[in-house]
Amino acid sequence: SFAPLETVTRYFFADGKVIATKPSMDDTAGEIASRTIDTREQITRYLARCRNLFTAVEDAFLWNNPRDVFFSGKSFSILKNVPMTAFTRSMDAMTKASIRDPHTRQIFNRYATFNGSNPYKARGMFNLIAALESASLTPEKGIFALSQALEGLALKKGARFHYNTKVTALTSDSRRIHGITAGGRYLETDYLVSNMDIHRFTRDLLPRARRDGGDISVNALSSSGIVFLWGINRSFPRLGLHNIFFARNYREEFRFLSGTGRTAVYEDPTVYVNITSKVDPSDAPEGMENWFVLINMPCDRGQDWDRIIPEVRTRVLAKLSTALSVDLSDHITEEAAYGPKDIEQDTASYRGSLYGMSSNKWNSAFLRPRNSSRACSNLYFCGGTVHPGGGMPLAVLSGRLAAKELMS
């Protein structure tokens, strides 16, 4: 079952200001208005426009492939409800036209990172995410409960799972895939659905499927990240499930993330801290907390991650310790760290990119790989690197779209 959070996200700013978004537009507008120069009416109007934008494109972009919808003659009825600025202006530019306070703009610009993009480049269309977060629900046992529920349903339908079993080869002719080799066994297949990063899929398993979207420039990839998993031996009542500690200069941070440098570490990164024990206390020992700490990073271009990860750890600990008025390093009892190379190795993501292609161009939504293959008639794709995009909600929807196309 799903339930609203009392507070969706707590935002900590470099000047000491703290703003919390709520699970309703009205409450979020009131919270922001009480702590910034923006009025409740301004925030409400802005979020309403974001909601209208979502309503206008929901069918085309989430429940269908946009290319199919737009080429079916429905494009006019959709576009008449979408302002042209959603395609011609950046997220930041559209937000700035309605929002005066830099704190508020930083909150709304942050939604670009939900698919690894840059709010100063990604089109204003993605401002619709602000409306979605203002009406969000969470599974009572966390996101992991969703995968458990899907597994349980599949088992009831007769599915069999082979965990920790790597697919090493495909057998195919010019039109179809006939089987896979996994764990040393050959298995025949009528249909194949892959949720592997499509760029790695075409490189490692089926090179002739590159026209499905396998070729991509490293500069078109989304961001990656460095993750620290920390066991904390005390609780922090000021923190909730989702916590963002913002960079002082957000635009400069994105210049760094978009750059091609191999050595630089941004001096004041934005830090996301997720603490699931705030929702499910059994996730950590009593009186302690489990911290998932994510810092956005460029994807792997050959950087010296063995040097960068410890340097980032030092900066993050200093930043969080200052914000929380405590030496956080004294309270870490368990620790693990992952960089882009580790992410690529563990998840087969191309160069450690978290979301495949970024959405920094106006036509990005139309360029994402489709859910059905043009190279093989019985091959389908889902996951964060194909349509409709990255992140848990969109990845789940991609599975629905792949199933829909397979069933048809």
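The values are calculated or read from the model by the stated rules, or taken from the named source; none is laboratory data. This one's a predicted model, so the numbers in the text were calculated from it and none came from an experiment. All Cβ positions, even for glycine, are placed from backbone atoms using ideal geometry, and neighbour counts span all protein chains on display. In case anyone asks, the SASA skips ligands and DNA or RNA and just uses the protein heavy atoms, side chains included. Shrake-Rupley method; radii C 1.70, N 1.55, O 1.52, S 1.80 Å.
Descriptive notes on the structure:
- Computed E for R67/A93 - FRET, C-beta separation, R0 35 angstrom, nearest 0.05: 0.85
- Per-residue SASA remark: H103, around 30 Å² accessible (1.4 Å probe; ligands, DNA and RNA not included).
- Within the chain, the selection of entire DSSP H helices by a Cα span of 20 Å or greater along the long axis and an average Kyte-Doolittle value of at least -1.0 returns 40-61, 305-324, 392-407.
- Gyration tensor (alpha-carbon) shape descriptor, segment 172-275, a/c threshold 1.5: oblate
- Above-threshold pairs, the threshold being 27 Å between Cα atoms, out of K96/K341; K22/K141; K80/K121; K141/K361; K278/K319: K96/K341; K141/K361
- Segment 266-354 shape via C-alpha gyration tensor axes, a/c threshold 1.5: oblate
- Across R238, R200, R123, mean-square fluctuation computed from a Gaussian network of the chain (C-alpha pairs under 10 Å connected) peaks at R238.
- Carbon plus sulfur fraction of accessible area for the chain, probe 1.4 Å, in percent: 53
- Signed unit charges on C-beta, dipole axis of segment 287-408, positive-most listed residue Y350, L320, L397: L397
- Order by protection proxy (mean Cβ within 10 Å, highest first), peptides 321-334, 56-69: 56-69, 321-334
- Gain on full stretching of the segment that runs from K361 to Y163 - 0.36 nm per residue minus C-alpha separation: 67.6 nm
- Modelled spin labels at T189 and K80, positioned 7 Å past Cα toward Cβ, are 4.4 nm from each other.
- Alpha-carbon centroid distance for the pair segment 332-408 / segment 136-173, whole angstrom: 15
- Scanning residues 5 or more positions from G225 or on other chains, those with amide H under 5 Å from its amide H are M297, with H placed 1.01 Å from N in the peptide plane.
- For the chain, the 222 nm mean residue ellipticity estimated from helices alone, with every DSSP H stretch of n ≥ 4 adding -39500 (n - 2.57) and the total spread over all residues, rounds to -10000 deg cm²/dmol.
- Using the Cβ-Cβ distance between E41 and S217 with R0 set to 41 Å, the FRET efficiency works out to roughly 0.40.
- Relative contact order of segment 157-223, defined on C-alpha pairs under 8 angstrom at six or more residues apart (%): 19
- The calculated FRET efficiency for K17 paired with Q148, based on their beta-carbon distance and R0 = 45 Å, is about 0.75.
- Contour minus Cα-Cα distance for V279 and A135 (0.36 nm per residue): 50.1 nm
- Per residue accessible area in Å² of the chain, where ligands, DNA and RNA are left out and the probe is 1.4 Å: 49
- Shape call, segment 212-321: gyration tensor on alpha carbons, a/c limit 1.5: prolate
- J(HN,Hα) series, segment 350-361, from Karplus relation 6.51 cos²θ - 1.76 cosθ + 1.60, nearest Hz, glycine and proline x: 5, 6, x, 4, 7, 9, x, 6, 6, 10, 8, 10
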